[in-house]
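One structure is given here, and the rest of the page talks about it.
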Amino acid sequence: MSLPAALMDIFTRLLERYGALAWWPAETPFEVCVGAILTQNTAWTNVEKAISALKQAGIMTPETLQASDPQQLAQLIRPAGYLNLKSQRLKAFTTWLFLNHQGSLERMFAGDWQELRVELLRVRGIGPETADAILLYAGQKATFVVDAYTRRLFQRLGLLPDGAGYEETRAMFMNNLPGEVAMFNEYHALIVEQCKRFCRAKALCDGCPLCKLCPSRSTSPR
């Protein structure tokens, strides 16, 4: 089976098992951006608590976040961990947004998204995964989001070499799938769900929708 066909087969199997997952949960594109920064090195349940606190404090727009007191901001996002570091990263993002795009996400997303990706990667605290999450989920741009789950799953399936980096992994999807926002969105969410349920650090193969595709069919982690 060709690589494009294999990737589509995996997508179809996961979609049949889990259904459409409607990720990313957010009310506004800016909330997606905030969530993408806060979710670094923490569970989404913790991010939800931090976002709820920000909303209750009336801090969920570029203007209100940029004007917020740094110490207050840090305390509000405490559930997401690394409160001082992440508050600095949120401030860095909104500062950059106002300096370069007049504080407007609409302006930010209006140009070439590949050039915007390069810009975002220059913002303090925004790495490839965060940049791609902002582009895909907030901007509806056809870029693939890669995380540790993605590398784990596709290495176990024998489609990625051990130690594959972010850009190598992303290129596998970008070069072998239709560049469709909806598919990229759903595929990433399905990968996360699969790895939470079955493809854990120690794999649980019983009932796994992808078990027949795994070269080793082993319950031990690779």
Mind checking which pairs have a first residue in the range 21-39 that is without any contact (Cβ under 8 Å) to a residue 12 or more places away in the chain and closer than 18 Å to Leu116 by Cβ and a second that is part of a helix (DSSP H, G or I) and β-branched (Val, Ile, Thr), Cβ under 7 Å, 6 or more apart or different chains? none
Residues (more than 11 Å from Trp96 (Cα to Cα), of a type in the set (D, E, K, R) and not in a helix (DSSP H, G or I)) located in the range 107-130: Asp112
So which helices (runs of 4 or more DSSP H) are wholly in the range 131-222 and hold at least 1 residues that are more than 19 Å from Trp113 (Cα to Cα), within 13 Å of the chain's Cα centre (by Cα) and of a type outside the set (S, T, N, Q)? 148-156, 181-197
With respect to Asn41, is the statement that it is surrounded by fewer than 16 Cβ atoms within 10 Å (Cβ to Cβ) and either over 13 Å from the mean Cα position of the chain (by Cα) or in a loop (DSSP other than H, G, I, E, B) (or both) true? yes
What are the residues in the range 130-159 that are within 20 Å of Leu204 (Cα to Cα) and either at pLDDT below 95 or not hydroxyl-bearing (Ser, Thr, Tyr) (or both), if any? Asp147, Ala148, Arg151, Arg152, Leu153, Phe154, Gln155, Arg156, Leu157, Gly158, Leu159
What's the number of the condition Arg89 fails, among (1) touching a helix residue (DSSP H, G or I) at 6+ places or on another chain (Cβ under 9 Å); (2) over 20 Å from Leu54 (Cα atoms); (3) in a helix (DSSP H, G or I)? (2)
Quick check: anything in the range 2-11 within 18 Å of the chain's Cα centre (by Cα), in a helix (DSSP H, G or I), buried (at least 18 other Cβ atoms within 10 Å of the Cβ) and at pLDDT 95 or above? no
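The values are calculated or read from the model by the stated rules, or taken from the named source; none is laboratory data. Bear in mind that the values here come from a model prediction, so they are computed numbers and not experimental data. Cβ: placed from backbone, ideal geometry, glycine included. Neighbour counts: every protein chain shown.
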